[in-house]
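In what follows, a single structure is set out as C-alpha cells and then discussed.
The values are calculated or read from the model by the stated rules, or taken from the named source; none is laboratory data. This structure is a prediction, so every number in the text was calculated from the model and none was measured. No Cβ is skipped: glycine too gets one built from the backbone with ideal geometry, and neighbour counts run over all protein chains shown. Surface accessibility is based on the protein's heavy atoms, side chains included, excluding ligands, DNA and RNA. Shrake-Rupley method; radii C 1.70, N 1.55, O 1.52, S 1.80 Å.
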Amino acid sequence: MMSVAGSISPLVAGLWLLNIVLDTGGQLAFKAAAGDEAAGDGLARWKHMASRPWLWLGVASYVVEFLVWIAFLSLIPLSEGVLLGSINIVAIMVAGRFLFGEKLTRLRVAGILLVTLGVVIVGVGG
Amino acid sequence: MKRFYLFGFLLLMGFDTLAQISFKYAGTQALPVAASIEWVLRVFGQPWVYGAVIGYVGAFFTWMALLKHAPIGPAFAASHLEVVSVMLLSIWLFEEHLNTARVLGAIAIIAGIVCLGMAESREHVPEPAEA
C-alpha cells in the first residue's frame, strides 16, 4: 500500500478505495452476466440474466458507487477528484487480466503505469 | 463519417463532464457527509443529482452508439479524457487552482489514456466499411 499524504483524510481515502472496489466489482459482475454462454439470445437472454444474481449485483454496485462518488467529490476539489478517480481504468484492466486472462500488451502496461504514476503524483502532492 | 465520429466523441465528453460537474454541486449542497438516510435524502432533494443522472444516461447511450460504428481506441480515449474538460471547468466554476502536482499528474494520466486507446486500436482492427 502506498501511503497517502497531503490533503487526503482517512475518510476521503476510504471513499476512494470503496469507489474502486464498487466500480471494478460492478463491471466484473456485468461482464459475468453478459458473458454467460447458456443465456441464449434476445428476450430469453435478458430473462436468463435477470434470474441470476450477476446483473443485480452489478446494478447494486453502481447505485452504491453513485452515492460514494458524490460523497468523495464533496470532500475534495473536483479537479483532484477526477484525476484520482482515473485509477478505476487501471483496476478494471488488472482485474480483467487476472479473472478473464485478458492480454496485457506492452502498450497497455505502459498506459497502466502512466495512469498509476499520475494518480500517485496527485495523491501525494494534492 | 469522420465528422460524425468527432461529434459523437464530443457528445460523450460533454455528458461525462455534465455528470462530474453535477456530482460536485450535488455533493457540496448535501454536506456534511454522513452514512445516514438524511444525507441520501439531501442528495436527492436538490436538482443537481438529476443532472448527474442525465449525464450518466446520456453518456451510456452515446457510448453504445459509438461502439457500434466508431473505432474503439479513440472512443475509449474520448470516454476518459473528460478529466481535461472537468479540470478546466472546475477552475472557472469552483475557483479551484491547478498546482504542479495536478498538472504533472494530469499529463501522465492523459498520456496513459492515449497509450491504452492506441492498444485498443491495435487489437481491434476495424472491419471493412459497409457503406
Cβ contacts < 8 Å: first residue more than 7 Å from chain B (Cβ to nearest Cβ) and polar (S, T, N, Q), restricted to segment A:56-85; second residue open to solvent by less than 10 Å² (accessible area, probe 1.4 Å) and part of a helix (DSSP H, G or I), any location; separation 6+ or different chain. Result? A:61/A:26; A:61/A:29
Residues that are open to solvent by less than 60 Å² (accessible area, probe 1.4 Å), modelled with pLDDT of 85 or more, touching a helix residue (DSSP H, G or I) at 6+ places or on another chain (Cβ under 8 Å) and closer than 30 Å to residue B:29 by Cα: does segment A:25-46 have at least one? yes
Going by the conditions given, is residue A:92 among the β-branched types (Val, Ile, Thr), touching a helix residue (DSSP H, G or I) at 6+ places or on another chain (Cβ under 6 Å) and crowded, with 22+ Cβ neighbours inside 10 Å? no
Kindly list, by first and then second residue, each pair from a residue in segment A:95-119 that is more than 10 Å from every other protein chain (Cβ to nearest Cβ) to a residue that is open to solvent by 60 Å² or more (accessible area, probe 1.4 Å) and assigned to a loop (DSSP other than H, G, I, E, B), limited to pairs with Cβ atoms under 8 Å and residues at least 6 apart or on different chains. A:96/A:102; A:97/A:103; A:97/A:104
Among the residues that make up segment B:74-95, is at least one of them buried (at least 19 other Cβ atoms within 10 Å of the Cβ), among the aromatic types (Phe, Trp, Tyr), within 24 Å of residue A:108 (Cβ to Cβ) and out of contact with any His (no Cβ under 7 Å at 6 or more places or on another chain)? yes
Of all residues making up segment A:47-102, the number that are modelled with pLDDT of 90 or more, over 13 Å from the mean Cα position of the chain (by Cα) and in a loop (DSSP other than H, G, I, E, B): 2
Mind checking whether some residue in segment B:62-75 is within 13 Å of another protein chain (Cβ to nearest Cβ) and farther than 22 Å from residue A:65 by Cβ? yes
